[in-house]
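The values are calculated or read from the model by the stated rules, or taken from the named source; none is laboratory data. Just so it is clear, the model here is predicted, and its values are computed rather than measured. Positions of Cβ are generated from backbone atoms using ideal geometry, with glycine treated the same way; all protein chains shown enter the neighbour counts.
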Amino acid sequence: MISPETLVFGVLAALGLISMVATFMAVMERDLLKAVLFSAVQSTAYAFMFYILMAPDILLVYVPVAVGLYPAVILFLIKKTERFEGGEEE
Amino acid sequence: MIDVNAFLFSVLVFSLIMNLGISLYGIFWRPSLVKKIIALTILGDTANVLAIVVGYRAWIAPNRPPIPPVLTTWKPTATDLSKFSSLAVDPLPQALVLTAVVIGLAVTVFLVFLTIQVYRLHGTTDVRKIAKLKG
């Protein structure tokens, strides 16, 4: 039988791997709109991580800032400038 | 016998350090200024999570998790305090991270408006093209 401690650390490791994949996709993606979405996925994984690491007050600040305001501000920036990295090919 | 919990915890720390590396790559080698801002937010968030991970503590028993650093009694006695300090995680990194999240938001908004100004003046957000401009 799997113990609760192992379960919690397993969820933490899975969230770490999810955030690593999302960060890689966000940095490598040429479409900046998709990069913002991957960065939001990574922020969601970090938010669950804060909750499991017993920091509920950080969670309350982090969710509106990193899942709400960061993508909103960067979407505003993409709307004002250009959408594709390295010129407008498409 | 391999310690499964220590292994899973080191997977977590490894993935966070990999995140630091990937976002540093994004800041230094990706050409778009918008991509640099996205990578910078990821870098700041990863540093915050690392600080929280440093403040975490080992479990007392396999079914006894640590508690958040919040005192729930109005007039705590010495026994309450010693029980609290034997169970709660470290509150100091959480206080620092709470400040850092808000400061990171302010820095990001400032960089966003700098980038908009660069686009208005030069018509591009590609640093390779901006570096070739004269004047």
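Scan segment A:30-60 for residues that are small (Gly, Ala, Ser) and facing chain B (nearest Cβ under 9 Å) and jot them down.
Across segment A:30-60, the qualifying residues are A:ALA35, A:SER39, A:SER43, A:ALA55.
Could you please give the count of residues in segment A:9-44 that are buried (at least 22 other Cβ atoms within 10 Å of the Cβ) and among the small types (Gly, Ala, Ser)?
Total meeting the criteria: 7.
Which condition number does A:VAL27 fail, the rest of (1) without any contact (Cβ under 8 Å) to a residue 12 or more places away in the chain; (2) more than 7 Å from chain B (Cβ to nearest Cβ); (3) in contact with a Phe, Trp or Tyr (Cβ under 7 Å, 6 or more places away or on another chain) being met?
Only one criterion in (1) without any contact (Cβ under 8 Å) to a residue 12 or more places away in the chain; (2) more than 7 Å from chain B (Cβ to nearest Cβ); (3) in contact with a Phe, Trp or Tyr (Cβ under 7 Å, 6 or more places away or on another chain) is unmet by A:VAL27, namely (2).
Which residues, counting only those in segment A:45-82, are basic (Lys, Arg) and surrounded by 14 or more Cβ atoms within 10 Å (Cβ to Cβ)?
Answer for segment A:45-82, where residues must be basic (Lys, Arg) and surrounded by 14 or more Cβ atoms within 10 Å (Cβ to Cβ): just A:LYS80.
Would you check if there is a residue in segment A:36-58 being of a type outside the set (S, T, N, Q), touching a residue at least 24 places away in the same chain (Cβ under 8 Å) and within 19 Å of B:TRP29 (Cα to Cα)?
Yes, because at least one residue in segment A:36-58 is of a type outside the set (S, T, N, Q), touching a residue at least 24 places away in the same chain (Cβ under 8 Å) and within 19 Å of B:TRP29 (Cα to Cα).
Quick check on B:PRO31: is it touching a residue at least 40 places away in the same chain (Cβ under 8 Å), at negative phi and over 23 Å from the mean Cα position of the chain (by Cα)?
It is true that B:PRO31 is touching a residue at least 40 places away in the same chain (Cβ under 8 Å), at negative phi and over 23 Å from the mean Cα position of the chain (by Cα).
From the list B:THR73, B:THR108, pick out the single residue that is at pLDDT 90 or above and in contact with a helix residue (DSSP H, G or I) (Cβ under 9 Å, 6 or more places away or on another chain).
The conditions single out B:THR108.
Scan segment B:63-71 and give yes if some residue there is more than 10 Å from chain A (Cβ to nearest Cβ) and either touching a His at 6+ places or on another chain (Cβ under 7 Å) or farther than 25 Å from B:MET18 by Cα (or both), otherwise no.
yes
State whether the residues of segment B:77-94 include one that is under 28 Å from A:LEU7 (Cβ atoms), of a type in the set (Asp, Glu) and in contact (Cβ under 8 Å) with a residue 40 or more places away in the chain.
Checked against the condition, which is being under 28 Å from A:LEU7 (Cβ atoms), of a type in the set (Asp, Glu) and in contact (Cβ under 8 Å) with a residue 40 or more places away in the chain, segment B:77-94 yields no hits at all.
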